[in-house]
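Below: one structure, written as structure tokens.
The values are calculated or read from the model by the stated rules, or taken from the named source; none is laboratory data. Being a predicted model, the structure only gives us computed values, none of them experimental. FYI the Cβ positions are ideal-geometry reconstructions off the backbone, even for glycines, and counts take in every protein chain you see.
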Amino acid sequence: MNYWFPYKDVRKYQEQMMDLIQKSLVEKKHCLIRAPTGLGKTVSVLSSTLKFAKENNLKVIYLTNKTTGQTQPLKEFQEIQKKFSKDNKLFGGRIISKKDLCLLKEVKDLESETFYTICERNKDKICKFYKNYKKHVLKNNEILKKIIGSDVSKFMDIFALRDDIEKHCPYYSIKKYLQVYADFILLDYNYMLSPFIRKGFFDAIDLSKCIVIFDECHSLPNKCQELSSIKVSTNIFLACIDEMNDYRKKYIEEKVSERNEKDIEQEIDETIGLVASFDKIICDIIANRRKNEISFDLKKITELSKKEDYMIDKSEIKNSIEVLSYFSSLILEDKKKSRCFSLVNFLKLLLDVQEDEKFIQFIEIKKINEKRYSYLNIHCLDPSYLFKDVLENSYNVIGFSGTLFLEEFKKLMNFPEDTMSADIESPFTKDQRKVLIFPKDYANFTLKTRNENVDLKSNQMIKMINSMKGNVLVVFPSTDVFNIYVPKLKDKLNKVIYLRPFSDDYLDSDDYRIQRDDILNSFKKEDNAVLFSIAFGSYNEGVDFIGCLQNVIVVGFPYPGITYKRKCLEDFFAKKFNDKDYAKFLTSMLPGLEKSIQSAGRPIRSFEDKAVVVFYGKQFGPGIWKYHKFINLFPIDLKEHCIITTEFSDLIKEIESFKY
Ligand code: SF4
């Protein structure tokens, strides 16, 4: 047998997946698989890769987008280890972020970026845990075998393991253990995609001897773009000037042995002048703006600076970076964060990306709770930029997801032509999920049409929700549509109503997450409730509705908002692929399709689940423009099982006849 499959019965679709992976490993080719949730993807991938890795002296690097998704792969590895490791001595484990594992309180509490830099630069001097690690663990790996052994369950509660490691830096100790012993290493995406973090972790691992697996790989393009971009508040300039003034005396004291005081004073004043001038230029651009997103680049800044007392150009910025860096190191000796440090990173990237068409620079203005905030962005348009190294240098890359548009994904991430791929059918039976499409012209919620036929559309939504048994998730395409329709529905439903947390501006904040989880936890306890959410909100992906969701209604097609960033992305892809329509599809349709399919996948996670999914929107039916035939782009399991209804009464009959 070519696999180490730990369970009694292998399902047909699992075998299909394992065969393809096996072939890709033997032929040393990359492999992409779209397979629906519930198929047992994780165990299939591990069963085929681990055996091959062990026999060929390779390591399996399994990457998840979030650490919350690591329990399953760890459990499956444990099953494989139990069954096949007696003679093979299979080792494995995981590591979480260095900051979370850090034991040095005064460094651990620093802002992320600062934390990594301080730990990297100063660990030898300031950290007793690192010194212990160097003295004991680094010299004698056997210590790790005593603490961890081959018991992978120790990694389930990694904080307990951290405590076991006690006096030695847990991050460096676990890293060493994984580098020396592990056949299987479970990490989050950042370890592979962020060049800085990868260098730190893979310093002793040869990437060409690694099978690199990306779980839920549909999120790779966004992640790669995010990791090569930078965003800072425009308040940064004034905050930096304050910091420099506060630490001016200390700066002079430290430098005075090298140069005379007057020169040092001048150096500081010149840097403050540059930062103040930068601030003034940005404020003027914002004051004279007509839009909430305004592009800028260094050329524009240099031209505008000519009118100021201070000339901002490449060489002046380089000089200031040196001074700001020194200030930031002084500040970080006393404080958790330094704005000078953030400005240095911003200015370095600004210098690096001039003349690089992969990058755009723009100012973004947002209104949050009636207050205006503005940010400077340097954004990477090319998702394949950071990925290139991994693709070219690893043994092979295996990516899989339930929401993957194989051809598009291959192109976006620059996978070579010979990459192997498969679209695997759903293991679930037809009577588990009924997928209904209602593509009437009026079921349209675009900017132009969202306010048309509001009463008709509201009444139809009320009828659909009231005819559904159990809990319902309703996914609106945008906050605006949510705000138009939810008030019309609220009082006419025979279900308990839950609304998503309000402002989208806080999607990444802790407040938002707490609010979201509270709502979700209450909703899960219901058996006849409706949760109103939006497609680009947080109930659509990575949220578990196991056993508590029987219906989903996707209201209208969720086009992403029209932003400067999206427009630039469209132009970039049009040039890259030499096809304007395709670029429009990639930037406007594909994200909406992914969100719609993710919504449809929410309720069915196991063979016990049953659900009705309704796509209520004109765009879900066959259309005139080639890329509007969204139904053709649905994965096989949705496309082949869906029922298109054009009479509303038929749609209701289909819902009512479903056996939940
Ligand atoms: S070496 Fe380890 S314990 Fe010390 S600062 Fe770095 S992460 Fe923290």
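Based on this model, can you work out whether residue 76 counts as over 25 Å from residue 61 (Cα atoms), in contact (Cβ under 8 Å) with a residue 40 or more places away in the chain, surrounded by 15 or more Cβ atoms within 10 Å (Cβ to Cβ) and of a type in the set (Asp, Glu)? It is false that residue 76 is over 25 Å from residue 61 (Cα atoms), in contact (Cβ under 8 Å) with a residue 40 or more places away in the chain, surrounded by 15 or more Cβ atoms within 10 Å (Cβ to Cβ) and of a type in the set (Asp, Glu). Among residues of the range 87-143 being in a helix (DSSP H, G or I) and among the aliphatic types (A, V, I, L, M), the one that is farthest from the ligand (Cβ to nearest atom) is 143.
More than 16 Å from the ligand (Cβ to nearest atom), crowded, with 23+ Cβ neighbours inside 10 Å and within 24 Å of the chain's Cα centre (by Cα): is that true of residue 207 in this structure? Full working, then the answer.
Numbers: more than 16 Å from the ligand (Cβ to nearest atom): yes; crowded, with 23+ Cβ neighbours inside 10 Å: no; within 24 Å of the chain's Cα centre (by Cα): yes.
Taking the combined requirement at face value, the residue does not satisfy it.
Read through the list (1) over 23 Å from the mean Cα position of the chain (by Cα); (2) more than 16 Å from the ligand (Cβ to nearest atom); (3) of a type outside the set (Gly, Ala, Ser), then give the number of the only condition that residue 174 fails. Of the numbered conditions (1) over 23 Å from the mean Cα position of the chain (by Cα); (2) more than 16 Å from the ligand (Cβ to nearest atom); (3) of a type outside the set (Gly, Ala, Ser), the odd one out for residue 174 is (2).
What do you reckon, is residue 308 acidic (Asp, Glu), out of contact with any Asp or Glu (no Cβ under 7 Å at 6 or more places or on another chain) and farther than 24 Å from residue 289 by Cα? Working first, answer last.
Values: acidic (Asp, Glu): yes; out of contact with any Asp or Glu (no Cβ under 7 Å at 6 or more places or on another chain): yes; farther than 24 Å from residue 289 by Cα: no.
So residue 308 does not fit the description; no.
Selection of first residues in the range 393-407 that are under 18 Å from residue 598 (Cα atoms) and of second residues that are of a type in the set (Val, Ile, Thr), restricted to Cβ pairs under 7 Å at least 6 apart or on distinct chains, gives the following pairs, ordered by first then second residue: 400/33; 400/45; 402/37; 403/597. If the condition is being surrounded by fewer than 17 Cβ atoms within 10 Å (Cβ to Cβ) and either near the ligand (Cβ under 10 Å from one of its atoms) or among the β-branched types (Val, Ile, Thr) (or both), then the range 148-164 contributes no residue at all. The residue that is farthest from residue 323 (Cα to Cα), among those in the range 256-279 that are buried (at least 17 other Cβ atoms within 10 Å of the Cβ) and among the charged types (D, E, K, R), is 279.
Could you please find all residues in the range 597-617 being outside any loop (DSSP other than H, G, I, E, B) and at pLDDT 90 or above? Let's see the steps before the verdict.
So in the range 597-617, the residues outside any loop (DSSP other than H, G, I, E, B) come out as 597-601, 611-616.
If the condition is that a residue be outside any loop (DSSP other than H, G, I, E, B) and at pLDDT 90 or above, then 611, 612, 613, 614, 615, 616 are the ones that fit.
Mind telling me which of the residues 445, 438, 405 ends up being within 29 Å of residue 479 (Cβ to Cβ), assigned by TED's automatic domain parsing to the domain that holds residue 33 and among the aromatic types (Phe, Trp, Tyr)?
Numbers: 445 fails: assigned by TED's automatic domain parsing to the domain that holds residue 33; 438 fails: assigned by TED's automatic domain parsing to the domain that holds residue 33.
Every option except 405 fails the conditions.
On the stretch given as the range 93-108, residues that are aliphatic (A, V, I, L, M) and free of Cβ contacts under 8 Å to residues at least 24 places away in the same chain total 1. Screening residue 319 on (1) closer than 30 Å to residue 122 by Cα; (2) surrounded by 16 or more Cβ atoms within 10 Å (Cβ to Cβ); (3) modelled with pLDDT of 90 or more shows it passes everything except condition (2). Residue 169 falls short on exactly one of the conditions (1) free of Cβ contacts under 8 Å to residues at least 40 places away in the same chain; (2) within 15 Å of the ligand (Cβ to nearest atom), and that condition is (1).
Here is a yes/no grid of residues against (1) touching a strand residue (DSSP E or B) at 6+ places or on another chain (Cβ under 9 Å); (2) of a type outside the set (A, V, I, L, M):
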residue	(1), (2)
583	no, no
605	no, yes
611	yes, no
619	no, yes
633	no, no
